[in-house]
Amino acid sequence: MNGADTRQPATSRPPGVSPSERQGNDPAAFFSSRPGVHADGARPSAPGRRLLARALLALRAGAARLRPRRPYNVLRIELSGELAEGVAEGFGAGALFRRGPAPLDLLTLLATLRTAREDSALGLVLLDVHGLRAGWSRIQSVRRALLDLRAAGKRVWAYLADAGMHEYYLASAADRVVLAPAATFDATGIASEVVFLKGALDKLGIEAQVTRVGRFKSAGEPLTRTSMSVEHRAMLDELFDDLYAQLVADVATARRLDDALVRRAFEEGPLLADEALGRGLVDAVAYPDEVDEQLADLFGDPAPIELARYQKRRALAVRRAALGAPAIGLLTVSGPIGTGSRLPLGRGSQASDWRAFKRELAALAGDRHLAAIVVRVDSPGGSGLASDLMWREIVQARQRKPVVISMGDVAASGGYYLAAAADHVTAEGATLTGSIGVLAGKPVLRGLYDRLGITKELVVRGNAARHSDYVALDDAELARLRNEAEAFYTTFVGKVADGRRLSRAAVESVAEGRVWSGRQALQHGLVDGLGGLEAAFQEVKRRLGVDAESRLAVERRPKARPWWRLTRFAGSPTGALVADLDTLVPVLSGERVLALMPFSVRSVEPGAAVAMLESYAAMVAPHAAEEARLLAWVRVLVDGLAALLPARSRIVY
């Protein structure tokens, strides 16, 4: 369902406080979360606050001129890790002992690259790309920012000490790609694996009673099968054909090569460094010091500057540009969707819990200083109930201001359910989305109890025995469970049809649990346009009637977690196995109807086997529980000390 048209005229401006005064302190922040509040609690007038802001900026600019600063013309950026969707928890566990730069989040990186694009002093950006674990859609967003840099007349160089598919795909956007002499060019295409758990469940005596609505809704297959169904395989084949075609075409276009040559290079890899050079996949083979010499030849004195120092140097200019900028809210929903305690092993973000999402979205919708809201969704779905409740919150928020959905690596099933409520939906070409289908089920653990020597006796009134994990559902109860799933599926299809302004027949033709790439979703009318966060921001500017090149002051939620929020399985040795159990844990927690993406895809890359072996070994090691408790106490100590450092929640883009 769509709410009333909330488009604002070009001259509208959120009343009260200047949006620029909503900024935090890094990299383009200005005031605290309660801007312009005097010691007695009174707020100065809006003109007074703007005058104060300009006065402080002038004082800071004057002070900066008194301090001699070395000029720069080369910006060095080290890109590795996941490029988090939300605020990077740079002061989380292990931060005090970290070697190397603090982790970058996606929005901070994109905002910095935009600043670099507009910086007349900057001539070249040098990227050191390694160990990149970001998903394809996030890499596509960064690639586009690099191409925009080049279009603005800046040079972009990329250095690869290791060249896997993720690293090379990102680096291919540079106008000069340099590979280490002893490196292996290991960009060999894409491969993924789906883990089936039925054999392990059989050994444990666990039976999963699962029903689905949609031929392609295969989320239950890892629990009920040992291999892919025909529909599951067909869906993955078509999906990966499209994703691979996108990667090949993007590389070929950037490198000015024929698609067939790029495909052949990937198929015949890994390649030696000289082979990659000979095929035109890279521009040079050199050591880092030789790259520095090339920079010196190009600029004389290259005067490089590192990312953190560059952000500080440019903070004043960014703050000045932010004066008078419209302020918007950015709410990130990352991880499985649930209802608080039923989130899979604590893996969701704060905002993927329905109640937390309600609080965060209501705060943004009720903030009169914010002109619009962007909801960033990076979720495979989860609880059908929680997805529906979150959908309703977006419908309500739309009555107050525009709400735009930006899809990350995955916005499928329950993640896509949220998108059906928005004014406008964007996705990257490689986003996994759709999966309009429903799964329902119940675990039966009687066999496991028998193996453990545990017996149960039930005393029942009514039909409450169906909730016991000791009793299997009979045919009548399975039929009732399927009716629940079909009712939710009917609701799901109807809300997508209303929200996307499509007929039910059109939605049903692309539903049945089928997952699409963002590019395919655009063709089927499931999204409005392709692009990352910057595309969503452009849509917000259009709706607010402001210039496309103007800045936005972005209020980010949820904020970085406090130190006592310790459950962080993603970085633990058991993280990979936890991901495989995402489909099982909600069912074990009592969820009956799931709007969950029908498969968990894990990239097959160098080192993946070791990570998986560590994951499985850690789950069965007799001392795993003791190690987990020790790790928790270490995190308490480290995060407690680091909590004294400020966390970023606002940024200017």
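The values are calculated or read from the model by the stated rules, or taken from the named source; none is laboratory data. Nothing here was measured: the structure is a model prediction, and the numbers come from that model. Methodologically, a virtual Cβ is constructed for each residue, glycine included, from the backbone with ideal geometry; neighbour enumeration extends over all protein chains shown. Each accessible area value is taken on the protein alone, full model and side chains, heavy atoms only, with ligands, DNA and RNA left out. Shrake-Rupley method; radii C 1.70, N 1.55, O 1.52, S 1.80 Å.
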Looking only at strands (runs of 3 or more DSSP E) that lie completely in the stretch 112-202, which have at least 1 residues being closer than 22 Å to LEU257 by Cα and open to solvent by 10 Å² or more (accessible area, probe 1.4 Å)?
155-160, 176-179, 184-186
Conditions first: (1) at pLDDT 85 or above; (2) open to solvent by less than 40 Å² (accessible area, probe 1.4 Å). GLY348 passes all but one, so which condition is the exception?
(1)
What's the number of the condition GLU85 fails, among (1) at pLDDT 50 or above; (2) surrounded by fewer than 22 Cβ atoms within 10 Å (Cβ to Cβ)?
(2)
Every residue from the stretch 292-305 that is among the small types (Gly, Ala, Ser) and surrounded by 14 or more Cβ atoms within 10 Å (Cβ to Cβ):
ALA303
Where a residue in the stretch 286-305 is at pLDDT below 85 and its partner, wherever it lies, is open to solvent by less than 70 Å² (accessible area, probe 1.4 Å) and in a helix (DSSP H, G or I), with Cβ under 6 Å and at least six apart
PRO302/LEU295; PRO302/ALA296
Go through (1) over 29 Å from ALA521 (Cα atoms); (2) in contact (Cβ under 8 Å) with a residue 60 or more places away in the chain one by one and return the number of the condition ALA200 breaks.
(2)
Kindly check whether there is at least one residue in the stretch 203-224 that is in a helix (DSSP H, G or I) and surrounded by fewer than 18 Cβ atoms within 10 Å (Cβ to Cβ).
yes
From GLY429, GLY447, GLY462, residue being touching a strand residue (DSSP E or B) at 6+ places or on another chain (Cβ under 7 Å) and either outside any helix (DSSP H, G or I) or closer than 18 Å to PHE216 by Cα (or both)
GLY429
May I ask you to say which residue of LEU272, LEU261, LEU277 is open to solvent by 50 Å² or more (accessible area, probe 1.4 Å), aliphatic (A, V, I, L, M) and touching a strand residue (DSSP E or B) at 6+ places or on another chain (Cβ under 6 Å)?
LEU277
Taking PRO288 as the residue in question, decide whether it is surrounded by 15 or more Cβ atoms within 10 Å (Cβ to Cβ) and in contact with a Phe, Trp or Tyr (Cβ under 9 Å, 6 or more places away or on another chain).
no
Cβ-Cβ under 6 Å pairs, at least 6 apart or on other chains, the stretch 208-236 side under 19 Å from SER509 (Cβ atoms), far side of a type in the set (Lys, Arg) and buried (at least 21 other Cβ atoms within 10 Å of the Cβ):
PHE216/ARG514; MET235/ARG514
Which residue, of ALA308, ALA365, ALA325, is among the small types (Gly, Ala, Ser), open to solvent by 50 Å² or more (accessible area, probe 1.4 Å) and either in contact (Cβ under 8 Å) with a residue 40 or more places away in the chain or in contact with a strand residue (DSSP E or B) (Cβ under 8 Å, 6 or more places away or on another chain) (or both)?
ALA308
Which count do you get for residues in the stretch 398-410 that are under 20 Å from GLY135 (Cβ atoms) and either touching a Lys or Arg at 6+ places or on another chain (Cβ under 9 Å) or not aliphatic (A, V, I, L, M) (or both)?
5
PHE492 fails exactly one of (1) on the phi > 0 side of the Ramachandran plot; (2) part of a helix (DSSP H, G or I), namely (1)
Assuming ASP259 fulfils every condition listed in (1) more than 19 Å from ASP409 (Cα to Cα); (2) in contact with a helix residue (DSSP H, G or I) (Cβ under 9 Å, 6 or more places away or on another chain); (3) in contact (Cβ under 8 Å) with a residue 12 or more places away in the chain apart from one, which condition is it?
(3)
Name the single residue that is farthest from ALA430 (Cα to Cα) among those in the stretch 225-248 being in contact with a strand residue (DSSP E or B) (Cβ under 9 Å, 6 or more places away or on another chain) and open to solvent by less than 10 Å² (accessible area, probe 1.4 Å).
MET235
